[in-house]
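Below is one structure; the comments refer to it alone.
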Amino acid sequence: MHITVRIPATSANLGPGFDSLGLALDLWNETIFTLAIEYSVQVHGEGRERISSGENNLIIRSAQRLAELVGKRLPPFHVDCVNHIPLSSGLGSSAAAKLTGLLGANALLGKPLSKKEILDLATELEGHPDNVAPALLGGLVASMVQDGKVLAHKIHLEDNHDSPIHITVVLPDFHLSTQQARAALPEHVTLKDAVHNISRAVLVTEAFRTGNLELLGKAMTDTLHQPYRLWLIPGGREAMDAAKEAGASAAAISGAGPSIIAFSAKREEAISEAMARVFEEAGHSARIFHLKMSHHGAEAQIR
Ligand code: HSE
């Protein structure tokens, strides 16, 4: 028996939607689970030099957590991972690993948990819902957490905007952990800053829903996390400005960074090149990803 789990990359926050909004992207990790005599991990692609292959591997630990929660013995397995989501990049690689472990274990154990329960558990492991929810559901997802339970709502996009939004992600060649990026945040914010974000987060969802890039450009600003994080990303602020000068409608830190995400009506090499250039001027080479939104989320298939 093989279980194949596919999880998309995600971009969380989308400017003002800190810990609330996230978008699934068409860039996937695919993992095959096979029963074995002991736990083992093989990684191809992104993160192969950094991902632990022992029992502290995130996929194995998340799988074991699910088994513990449902009170079942987890049979040992081998996982073969083909990874396209770069690690510590702001594209949801840790959410993808956790969901891979949870969905793999759930399939191995005869599906004791519903998708909703998997989402609650993944959010507990991750600490916030804005990567795991879109990774599981696909598309643009708005989430809230109440008493440890997640309410995640996939925004129904109007399909009368026929030119899908083009997404450019530029990733500088240094790692920034989410932990480090969260440690930079203040404990308290002013009412003015809270209002700035609430008003814009609503308009960002509306801009995506209707494909209104002009509105996205006006609404995608933030006062709650980006001002505190940009100093951790040399060239980050300049990359956001360069994207807009080169024709992008909007730009933001993707998740907790260090990648910068830009949105435009169509693929424009000028946008990605301008962003990469400013990172290079700040001393870091950068990788460019041209992406689309993924309308569907995680899949687990048993064969
Ligand atoms: N909302 C989270 C943060 C996303 O910004 O810290 C981390 O991927």
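The values are calculated or read from the model by the stated rules, or taken from the named source; none is laboratory data. What you see is a predicted model; the values in this text were computed from it and never measured. Note that we place each Cβ from the backbone using ideal geometry, even for glycine, and neighbour counts take in every protein chain shown. Side chains are part of the model used for accessible areas, which takes the heavy atoms of the whole protein and leaves out ligands, DNA and RNA. Shrake-Rupley method; radii C 1.70, N 1.55, O 1.52, S 1.80 Å.
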Taking the radius of gyration and the Kirkwood hydrodynamic radius from Cα positions alone, what is the Rg/Rh ratio for segment 161-253, to two decimal places?
-> 0.98
Which value in Å does the Kirkwood hydrodynamic radius of segment 1-118 take, with 1/r averaged over all unlike C-alpha pairs and then inverted?
-> 14.6
Between HIS78 and HIS175, what length comes free when the chain is fully extended (0.36 nm per residue of separation minus the Cα-Cα distance, one decimal in nm)?
-> 32.1 nm
Please give the helix 269-281 orientation as an angle from the longest Cα principal axis of the chain, in degrees from 0 to 90, rounded to the nearest 10.
-> 90
Cut-off under 5 Å, modelled amide H: who pairs with THR10 long-range = LEU25, GLY92
What GluC sites (Glu not before Pro) does segment 15-51 have in DSSP loop regions with at most 12 other beta carbons within 10 Å?
-> GLU38, GLU49
If you average the sequence gap of Cα pairs under 8 Å that are 6 or more apart and divide by the length of the chain, what percent do you get for the contact order?
-> 26
Set of lysines near LYS98 by C-alpha distance (under 16 Å), chain-local residues within fewer than 8 positions excluded = LYS115, LYS116
Choice from LEU69, LEU27, LEU203 with maximal GNM fluctuation in the chain (Cα, 10 Å cutoff) | LEU69
In debye, nearest 20: dipole of segment 122-192 around its Cα centre with unit charges on the Cβ of K, R (+) and D, E (-)?
-> 200
Relative contact order computed over segment 170-252 (Cα-Cα under 8 Å; 6+ residues apart), in percent = 30
Acute angle (nearest 10 degrees) that the helix 93-108 long axis makes with the longest principal axis of the chain, alpha-carbon atoms | 30
How far is helix 115-126 tilted off the main Cα axis of the chain, in degrees rounded to 10, range 0 to 90?
-> 70
So the pair-distance distribution of the chain, from every Cα-Cα distance in 20 Å bins, comes to percents of 35, 56, 9
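Multiply the residue gap between THR210 and HIS290 by 0.36 nm, knock off their C-alpha separation, and tell me the result in nm, one decimal place. Before the final figure, lay out each step's value.
Values: separation 80, 0.36 × 80 = 28.80 nm, distance 2.14 nm.
26.7 nm is the gain from fully extending THR210 to HIS290.
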Give, as ranges by residue number, the residues of segment 259-303 whose backbone N falls under 15 Å from the point 7 Å along Cα→Cβ of GLU245.
-> 270-282
SER40's amide H: which non-local residues (gap 5+, or another chain) put their own amide H closer than 5 Å, with H modeled 1.01 Å from N in plane and none for Pro or chain starts?
-> PHE77, HIS78, VAL79
For segment 3-84, percent of DSSP beta bridges that are antiparallel (nearest 5) comes out at 75
When the helices in the chain are scored as -39500 (n - 2.57) per DSSP H run of 4 or longer and the sum is shared across all residues, what 222 nm value do you end up with, to the nearest 500 deg cm²/dmol?
-> -10500 deg cm²/dmol
Give the relative contact order (percent, whole number) for segment 1-89; include only Cα pairs under 8 Å separated by 6+ residues.
-> 34
What ranking of TRP28, TRP231 comes out by heavy-atom accessible area, probe 1.4 Å, highest first?
-> TRP231, TRP28
Mind checking the per residue accessible area of the chain for me, 1.4 Å probe, whole number of Å²?
-> 44
Which of PRO172, PRO258, PRO186 fluctuates most in a GNM of the chain (C-alpha springs under 10 Å)? That residue is PRO186
ALA194 to LYS116: FRET efficiency via 1/(1 + (r/R0)^6), r the Cβ-Cβ distance, R0 35 Å, to the nearest 0.05?
-> 0.75
Cβ-placed point charges (K, R +1; D, E -1), dipole of segment 46-116 about Cα centre in debye, nearest 20 | 360
Of the residues GLN180, GLN226, GLN146, which exhibits the maximal mean-square fluctuation in a Gaussian network model of the chain defined by a 10 Å Cα contact cut-off?
-> GLN146
Counting only protein heavy atoms and using a 1.4 Å probe, what share of the accessible area of the chain belongs to carbon plus sulfur, as a whole percent?
-> 52
A chain fully extended from ASP159 to VAL70 at 0.36 nm per residue, minus the present Cα-Cα distance, gains in nm 28.0 nm
